[in-house]
Amino acid sequence: GGGNFGIVLSYTYRLSPLPNLCCGAYRVQWSRVPEVLNTLVAFMLQRCPRQLTIAPAFVRDASGEPYLSIDFCGFESCLDGLRELAGVAAGCAPENIRRWDFAAWQSSFDANFLPPMRGYWKAKYLTQLTTADITLLMMHYEQAPRAARCTITLEHLHGAFREMSPNESAFGHRQMNFGVLISSRWPMPADDDANVRWVRRVASELDPKGQCGSYVNYSPLDKDDQVRSLYGDHHEKLKRLKSHYDPQNLFRRNHNL
């Protein structure tokens, strides 16, 4: 519930060994992004095995040129899925594709979040990612503030995420196939307005009617994200839980129910 109620006194963990992982990325030239990303979206929707997670992201290189990075992490035994992904990315530059330790793979992204860093981000959830959506996101990414570390990440929501019953957790968007995370990170307070405006503009034009829903961890405490949109159909259920477990509203430094 986004920290709206409850105090955890202890956790009990059961650790499970992970199989060998194959991780890395394919770098897609900007001119090829519409072609490759449309093919990739069809693969993710129709044939992507649950053992393979793909998160394509719009990023910039050191010279400021935009490109698409198809980041992926999958079981090394998932050969058919890895081969088909390689086919989708044919002609694109492979980057550091090898066997990884999972913790090392996770920490390989840490450099993107080192201080000094100010940040602002929003997410939208879609059942489909259309050619028009891709064109819109590319146009806005070309207009992103150059001095900032701006990214647009496409999260593929599949496997266990979709197999869990919608009623088993507080997250209210399990029928969606894609999450679009629009984020900007920058060091100087003087650049706040430009970066916040860019993130808001992309989110607003991707979801002009405000119907896509968002996610509490990806939603700053501002007027743009209403609490109901964060929790979807679970909003009323969570309000009842809130009134039962936290009637005095002790937990209120969040998107409050």
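Cβ separations smaller than 9 Å between residues 6+ apart or across chains give the following pairs from the range 82-101 residues that are of a type in the set (S, T, N, Q) to residues that are part of a strand (DSSP E or B): 96/23; 96/24; 96/25.
Checking each residue in the range 23-47 for being over 18 Å from residue 133 (Cα atoms), in contact with a strand residue (DSSP E or B) (Cβ under 8 Å, 6 or more places away or on another chain) and open to solvent by 20 Å² or more (accessible area, probe 1.4 Å) picks out 26, 27, 29.
Given the criteria surrounded by fewer than 17 Cβ atoms within 10 Å (Cβ to Cβ), assigned to a loop (DSSP other than H, G, I, E, B), without any contact (Cβ under 8 Å) to a residue 24 or more places away in the chain and aliphatic (A, V, I, L, M), does residue 221 qualify? For residue 221, the condition - surrounded by fewer than 17 Cβ atoms within 10 Å (Cβ to Cβ), assigned to a loop (DSSP other than H, G, I, E, B), without any contact (Cβ under 8 Å) to a residue 24 or more places away in the chain and aliphatic (A, V, I, L, M) - is not met.
The set of residues in the range 2-49 being within 19 Å of the chain's Cα centre (by Cα) and at pLDDT below 95 consists of 2 alone. Taken over the range 235-257, residues that are under 18 Å from residue 172 (Cα atoms) and either at pLDDT 85 or above or acidic (Asp, Glu) (or both) amount to 11.
Can you go through 229, 214, 184 and tell me which one is under 30 Å from residue 148 (Cβ atoms), of a type outside the set (Lys, Arg), open to solvent by less than 40 Å² (accessible area, probe 1.4 Å) and in contact with a Cys (Cβ under 6 Å, 6 or more places away or on another chain)?
184
A quick yes/no check of all residues on (1) part of a loop (DSSP other than H, G, I, E, B); (2) among the aliphatic types (A, V, I, L, M); (3) touching a helix residue (DSSP H, G or I) at 6+ places or on another chain (Cβ under 8 Å):
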residue	(1), (2), (3)
195	no, no, no
208	yes, no, no
214	yes, no, yes
217	no, no, no
229	no, no, no
233	no, no, yes
240	no, no, no
244	no, no, no
255	yes, no, yes
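The residues of the range 164-185 that are over 19 Å from the mean Cα position of the chain (by Cα) and over 20 Å from residue 212 (Cα atoms) amount to a single one, 168. Among strands (runs of 3 or more DSSP E) entirely within the range 62-178, having at least 1 residues that are at positive phi, surrounded by fewer than 19 Cβ atoms within 10 Å (Cβ to Cβ) and at pLDDT 90 or above singles out 93-100. Close contacts from the range 196-209, counting a first residue that is within 17 Å of residue 145 (Cα to Cα) and a second that is open to solvent by 20 Å² or more (accessible area, probe 1.4 Å) and of a type in the set (Asp, Glu), with Cβ to Cβ under 7 Å and a gap of 6+ residues or different chains, come to 200/224.
The values are calculated or read from the model by the stated rules, or taken from the named source; none is laboratory data. What you are looking at is a predicted structure, and each value in this text was computed from that prediction instead of being measured. Quick reminder, even Gly has a Cβ in these numbers, built from the backbone with ideal geometry, and neighbours come from all protein chains shown. Surface areas here come from the heavy atoms of the whole protein model, side chains and all, with no ligands, DNA or RNA. Shrake-Rupley method; radii C 1.70, N 1.55, O 1.52, S 1.80 Å.
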